[in-house]
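Step one of this worksheet: look at the structure below.
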Amino acid sequence: MGGEYMMGYGTWNTSIWKYDTLRGTWEFETSLTAPRRHHSACILNDDLYIIGGIGKHRVMLNNVVRYNLMSKDWETCTSLPTALYNTACCVYKNEIFLFGLPVMCFRPDTNIWEEVNDIELPGNAAIASAIADDNLIYLITMDTSDLYCFEPYQKHIVIEHLGKFKACGKDACIINNLIYAFGEEDDHQIVEVYDIDNREFRMLWKSKSEFIVINQGYGCFALPKYH
């Protein structure tokens, strides 16, 4: 979804593809309204949101667009207060949280971005991944792979440190109360998991392979598998 084939050559990929888990096939869906890379993206209800990033001539973007998966129409949303790229985001209770500096929240019913001043990231750490379940938002830091969690909308928000993953990586997702993290350490590709219920970390897989590079992705999410 978007990006640039070769950095600096102006060869942009504007295509958006979708994967059919039932048929096991890829299909072209639509094209971006304008070229961009290193943007944030998430799905809220039936809308795919494309947030910020870097456009032509390496210009940082603050614009936001959304694509309705049912009507196939694009719509321009309220722009970010400041341009951002490579910023972790997630959907929590029908709102979009964007973990840059400052943390921002988008409310679709009002089409407004608001700064969330009561969420202070530990040491102003850059966030690699943001994942949410029905109760909490989980954050993984960029360089140290520390895992934090907090509950928004509280009078006094407490950010709890749960521990840390062994490997640094940008991709993580949650399935059945397990947070899967994909990273790299000493040229080894690593898959780890954090068990939310038992509050413990485990390494599931480690391999030094030239053919599998899981740390070069720019997104991770769970899909249903049909048998």
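The values are calculated or read from the model by the stated rules, or taken from the named source; none is laboratory data. Predicted, not measured: the structure shown is a model, and the values here were computed from it. Glycine also receives a Cβ, built like all others from the backbone with ideal geometry; neighbour counts cover every protein chain displayed.
Points to keep in mind about this one:
- Boolean, GLY163 is farther than 20 Å from GLY219 by Cα, outside any loop (DSSP other than H, G, I, E, B) and either within 19 Å of the chain's Cα centre (by Cα) or among the small types (Gly, Ala, Ser) (or both): yes
- Of all residues in region 24-46, those that are of a type in the set (Phe, Trp, Tyr) have Cβ atoms under 9 Å from Cβ atoms of residues that are exposed (fewer than 15 other Cβ atoms within 10 Å of the Cβ), 6 or more apart or on another chain, in TRP26/TRP17; TRP26/LYS18; TRP26/TYR19; TRP26/ASP20; PHE28/SER15; PHE28/TRP17; PHE28/LYS18.
- Verdict on LEU101 being modelled with pLDDT of 95 or more, within 19 Å of the chain's Cα centre (by Cα) and of a type in the set (A, V, I, L, M, F, W, C): no
- Filter pass, THR76 being out of contact with any His (no Cβ under 7 Å at 6 or more places or on another chain), outside any loop (DSSP other than H, G, I, E, B) and polar (S, T, N, Q): yes
- Among the conditions (1) in contact (Cβ under 8 Å) with a residue 12 or more places away in the chain; (2) exposed (fewer than 11 other Cβ atoms within 10 Å of the Cβ), the only one that SER71 does not satisfy is (1).
- Only residues that are outside any loop (DSSP other than H, G, I, E, B), charged (D, E, K, R) and within 22 Å of ALA88 (Cβ to Cβ) were counted across region 28-43, and they come to 1.
- Of note, TYR138 satisfies the criterion of being among the hydroxyl-bearing types (Ser, Thr, Tyr), surrounded by 16 or more Cβ atoms within 10 Å (Cβ to Cβ) and within 18 Å of CYS105 (Cα to Cα).
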